Amino acid sequence: MKRILFFFIFIQLSLLLPAKTIIVCSSCEVKTVKNAVSLAKHGDTLLIKKGVYYENEITIDKTLTIIGEGFPIIDANSKSKLFTVIADSVIIKGLHIKNIALSYTEDLSAIRIKKQKYFVVEDNILENIFFGIYIEGCKGGIIRNNKVTAEAVEEFNSGNAIHLWHSKNIKILNNHVEGARDGIYLEFIDSTLVQGNTSTKNIRYGLHFMFSNDNEYRDNTFETNGAGVAVMFSKRILMYGNTFTKNWGTASYGLLLKEIYDAEIHNNTFQENTIGINADGSNRVNISNNNFIQNGWAVKVLGGCYENIYINNNFLNNTFDLSYRGSLNGNSFNGNHWSTYSGYDLDKDGIGDIPYRPVKLFSYIVNMTPEAIVLLRSLFVDLIDFSERVSPVFTPNNLLDERPLMRVIDN
Amino acid sequence: MLKILKYSFYDLIRSRWSYVYLAFYLLLGSVLLFLNNDLSKAVITLMNVIVVLTPLIGTIFGIMYYYSSREFTELLLAQPIKRRNIFLGQYLGVALSLSASLIIGLGIPFVAYGIFYSGAIWDYITLLITATFLTLIFTALAFNIAISTENRIKGFGYAILLWLFMAVIYDGIFLLGLVMFSEYPLENFSLIATLFNPIDLSRILILLKLDISALMGYTGAVFQKFFGTNQGLFISLGVLFVWAITPIWRIVAKSNKKDF
C-alpha cells in the first residue's frame, strides 16, 4: 500500500513537472513508437492512436506511461522482441502486440521488465508471442486484464505467456492466457497474488510454481492444459476457489504437489482430470471443502507424504477415489463424502456408521502392477472389487474414512 | 443352405425371445441416452454391458437352438441336402438373427438421438462391430459344444463354463500372472494375452477409442501404439475373424463325420 501511495505521489509530482503527452499516429509528427520513446522525457505520456506500427526492440529507459487508444497494433514481424523496460514505474496499457520472434538462445518477449520497483501492465492484447510478459527481479507491480495468446506446438521451442523470475509482491489479476508452454510461470517468487485468471490450452502447465513461498492463488480457472497446475518446492502456498478442469491425457493431472510444505487447499473444484491431485512429497497440507468430480483418480498419493488432512471434500463419480502408496504416515481421510459409499446411518447423524475404504482393490493392484490396468472395466475386476468391499482382505487396514458423510457437502 | 438359413432365421425372428432380446437393447439404449445425455458416456456403459452380455446370450441361444431343433435336424438329414448346408444354415440363422436384434435394438435409439452428427460415431461403430463379432464367435462355440455333446445338461454346463471362463476366469488368471511376474516387463505379454480372449480384445478395442484410455498410462500407450495404428486394428480384427472362422470350420468338419 505504501508503495502504491508512493507511486501515486510520484505520479502527481511528475505531473507538476512540465510533463507532456506525445501523440503517435501515422499522420502525426511522430510516426513510430520507438521515435516517440527517444523524444520523450522522464514522466511523459505516449498516446498511441489506432493503427499498425511495425517496430522492433524498443528500450524504455525512463519513466513513461504508454497508452494505446483503440488497441493500436505493434507488430514485431516475427523478427525480434519488443518492449524492454529498464526504468521504474512504467505503465503499459491498451496495446495490441503481435508476432514476437522465436529464439533458441534468448527469451525474446513482448514486454520485459528488468529489476524495477514498480510497473503496471494492463488491458493489453498479446498475440502470437514467444514469451509474453516477462518480469525479472522486480519488487512490485501489477499485471492485469491482459489477454495473451500463443500458438505453441512443442515444449522446446515455445515460451511462457506470463513469466516471473526472482520477484516479489506482484499481482497477477484477471488475465487470460492461452496456448503457450506454461500459462503463468513463477520461479523464486514471494508474496504474490494470482487471482481470477483463466489459463487454458497451454501445452505444459496452466500455472507453474517453482521455489516460490508465501504465495496465494485463488479463483482461477485452469482448463485443458497439458498437465494442469504444478506447485513444486514451495512453502506456505494458499490455493482457494480455483477450478481445475479437463486436464486430460496419459501424463496429465489437475494439480501436482511436489515437495510442498504447509499449503492450504480449500474450495477448489477438480473436474474431469486424469488425476485430480497428484501428491508427491507434500507435508502438512490441509485439503478441505474441495469437489472432486468425474476424475480418473481423484487423489493419487505417491511417496513421502506426511500429515496431510483431507476433510469435508466431495468425491463424486471418480473412476478411482484414491490411489495410495506406503503406510499412512499421519495422513487422514476422515470426514469426507464419497459417492461410492454404500454404508448406512442408523442414528441419522449424517455420518455413516461403517467406515469407508477409499482404496479399491483394483486401484491397489494397479499401484503394485501398473500393467494390470489393461483389465480396467472387466467383469472380473468388478467382482473382486465388490468382494473386497464386502470383506476387506488385501487393502491396507488403517486407510479408512472413519466418519464418511452421508450427504454431499455444499461447498 | 440359403433355404435352411432362411427357415432358421424366420423361425427365430418369429420367436418371442428375439423380440425380448431386441426390446432389451432398445430399452437399454434409450434409457442410457436419456438418462446420460452424453453419447460418449453412454458408449462406455453400453460397452460394459455388451462385452459381458452378448457372449452369454450368444452361447445360450446357440446351444438352446441346436438342442431344441434336434428332431428337425434329423428330419433334414434324411433329405438329399449336404450336411454342411444344414448346420451352417442353422448356425447362421441363429447368429444373424441375434446380430440383427442387437444392431436394430441399439441402432434405433442412437440414430434417433443423432449419432450421425456426433463425434462418437466411430466409437459407436466399433462397439457394434465388436458386439456382432462376439455374437458370431460365441454362437459358433456353442454350436461346437452342442455337436460334441449328446447329453443336453452336460452341454449346457460346458457352454456356461465356457462363457464364465472367457468373461471372468481368464481375466483372473491373467491378473494373477501379471501380479506374479510384476518384476518383468509385461506390456507384450499383456498384449498377447489380450489377443487370446475375444472378450478382452473387444473391451480393449473399445476402451482405447474412448477418453478413458488416458487412465491407462504407460501400458495404455503401448496398447495405443499397437491398436491405434491401422496395422494393429487390422491384426485385432483379423484375430476376431479367426476366432469366428475356426469354430465355424469345426462345425462343418465335425458335422460331416458325426454319426446321428
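Apart from one condition, B:K225 fits all of (1) over 22 Å from the mean Cα position of the chain (by Cα); (2) within 11 Å of chain A (Cβ to nearest Cβ); the exception is (2). You will find that of A:D88, A:D123, the residue that is over 19 Å from A:I162 (Cβ atoms) and at pLDDT 90 or above is A:D88 and no other. Of the residues making up the stretch A:288-332, those that are closer than 19 Å to A:M239 by Cα, in contact (Cβ under 8 Å) with a residue 40 or more places away in the chain and away from every other protein chain (no Cβ under 14 Å) are A:N289, A:N290, A:N291, A:N312, A:N313, A:N314, A:F315.
A quick yes/no check of all residues on (1) modelled with pLDDT of 85 or more; (2) outside any loop (DSSP other than H, G, I, E, B):
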{"residue": "A:P358", "(1), (2)": "yes, no"}
{"residue": "A:S363", "(1), (2)": "yes, yes"}
{"residue": "A:N367", "(1), (2)": "no, yes"}
{"residue": "A:L383", "(1), (2)": "yes, yes"}
{"residue": "A:F386", "(1), (2)": "yes, yes"}
{"residue": "A:T395", "(1), (2)": "no, no"}
{"residue": "A:N411", "(1), (2)": "no, no"}
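Test A:R403 against the criterion of being within 25 Å of A:F270 (Cα to Cα), of a type outside the set (V, I, T) and within 14 Å of chain B (Cβ to nearest Cβ), and give yes or no. Spelling it out, it is not the case that A:R403 is within 25 Å of A:F270 (Cα to Cα), of a type outside the set (V, I, T) and within 14 Å of chain B (Cβ to nearest Cβ).
Checking A:N329, A:N312, A:N308, A:N334 one by one, the residue that is more than 28 Å from the chain's Cα centre (by Cα) and at pLDDT 90 or above is A:N334 and no other.
The residue list B:Y170, B:Y184, B:Y158 contains one member that is in a helix (DSSP H, G or I), closer than 18 Å to A:I365 by Cα and not hydrophobic (A, V, I, L, M, F, W, C), which is B:Y170.
Of the strands (runs of 3 or more DSSP E) lying entirely inside the stretch A:193-265, those containing at least 2 residues that are polar (S, T, N, Q) and within 9 Å of the chain's Cα centre (by Cα) span A:198-200.
Mind checking which residues of the stretch B:145-178 are of a type in the set (D, E, K, R), within 11 Å of chain A (Cβ to nearest Cβ) and either closer than 18 Å to B:Y91 by Cα or touching a Pro at 6+ places or on another chain (Cβ under 6 Å) (or both)?
Once the filter is applied, which keeps residues that are of a type in the set (D, E, K, R), within 11 Å of chain A (Cβ to nearest Cβ) and either closer than 18 Å to B:Y91 by Cα or touching a Pro at 6+ places or on another chain (Cβ under 6 Å) (or both), the stretch B:145-178 yields nothing.
In the stretch A:332-358, the qualifying residues are those that are in contact with a strand residue (DSSP E or B) (Cβ under 7 Å, 6 or more places away or on another chain) and surrounded by 20 or more Cβ atoms within 10 Å (Cβ to Cβ), and the one that is nearest to B:L215 (Cα to Cα) is A:P358. Within the stretch A:66-81, is even one residue among the aromatic types (F, W, Y), modelled with pLDDT of 90 or more and at positive phi? Yes; the residues of the stretch A:66-81 include at least one that is among the aromatic types (F, W, Y), modelled with pLDDT of 90 or more and at positive phi.
I need a count of the residues in the stretch B:200-213 that are more than 8 Å from chain A (Cβ to nearest Cβ), touching a residue at least 60 places away in the same chain (Cβ under 8 Å) and either of a type in the set (S, T, Y) or within 23 Å of A:Y253 (Cα to Cα) (or both). Total meeting the criteria: 3.
Residues to consider are A:Y306, A:Y253; find the one that is within 26 Å of A:E187 (Cα to Cα) and surrounded by fewer than 20 Cβ atoms within 10 Å (Cβ to Cβ). Result of the check over A:Y306, A:Y253: A:Y306. Of everything in the stretch A:364-407 that is within 26 Å of A:T250 (Cα to Cα) and aromatic (F, W, Y), the residue that is nearest to the chain's Cα centre (by Cα) is A:Y364. Restricting to the stretch B:179-199, count the residues that are buried (at least 16 other Cβ atoms within 10 Å of the Cβ), within 22 Å of B:L240 (Cβ to Cβ) and within 9 Å of chain A (Cβ to nearest Cβ). Of the residues in the stretch B:179-199, 6 are buried (at least 16 other Cβ atoms within 10 Å of the Cβ), within 22 Å of B:L240 (Cβ to Cβ) and within 9 Å of chain A (Cβ to nearest Cβ). Among the residues of the stretch A:28-56, those that are farther than 15 Å from A:I73 by Cβ and assigned to a loop (DSSP other than H, G, I, E, B) comprise A:C28, A:E29, A:A40, A:K41, A:H42, A:G43, A:D44. Whenever a residue of the stretch A:11-27 is under 27 Å from A:I73 (Cβ atoms), its partners that are among the small types (G, A, S) and modelled with pLDDT of 55 or more, lying with C-beta atoms within less than 7 angstrom and at least six residues away or across chains, give the pairs A:A19/A:G43; A:I22/A:A36; A:I22/A:A40; A:V24/A:A36; A:C25/A:G51; A:S26/A:G51.
Of all the criteria given as (1) more than 20 Å from B:M47 (Cα to Cα); (2) polar (S, T, N, Q); (3) within 21 Å of the chain's Cα centre (by Cα), the one not satisfied by B:T219 is (3). Filtering A:F244, A:F188, A:F222 for residues that are of a type in the set (F, W, Y), free of Cβ contacts under 8 Å to residues at least 40 places away in the same chain and surrounded by fewer than 22 Cβ atoms within 10 Å (Cβ to Cβ) leaves a single hit, A:F188. Criterion first (on the phi < 0 side of the Ramachandran plot, more than 29 Å from the chain's Cα centre (by Cα) and small (G, A, S)) does A:S339 satisfy it? Answer is no for this residue.
Of note, B:M216 satisfies the criterion of being part of a helix (DSSP H, G or I) and either under 16 Å from B:T126 (Cβ atoms) or without any contact (Cβ under 8 Å) to a residue 12 or more places away in the chain (or both). Is it the case that B:S69 is under 18 Å from B:R14 (Cβ atoms) and either in contact (Cβ under 8 Å) with a residue 12 or more places away in the chain or among the aliphatic types (A, V, I, L, M) (or both)? Here the answer is yes, as B:S69 does meet what is asked.
The values are calculated or read from the model by the stated rules, or taken from the named source; none is laboratory data. Worth saying up front: this structure is predicted, and the values here are computed from it rather than measured. Counting neighbours? That spans all protein chains shown, and the Cβs are built from the backbone with ideal geometry, glycine included.
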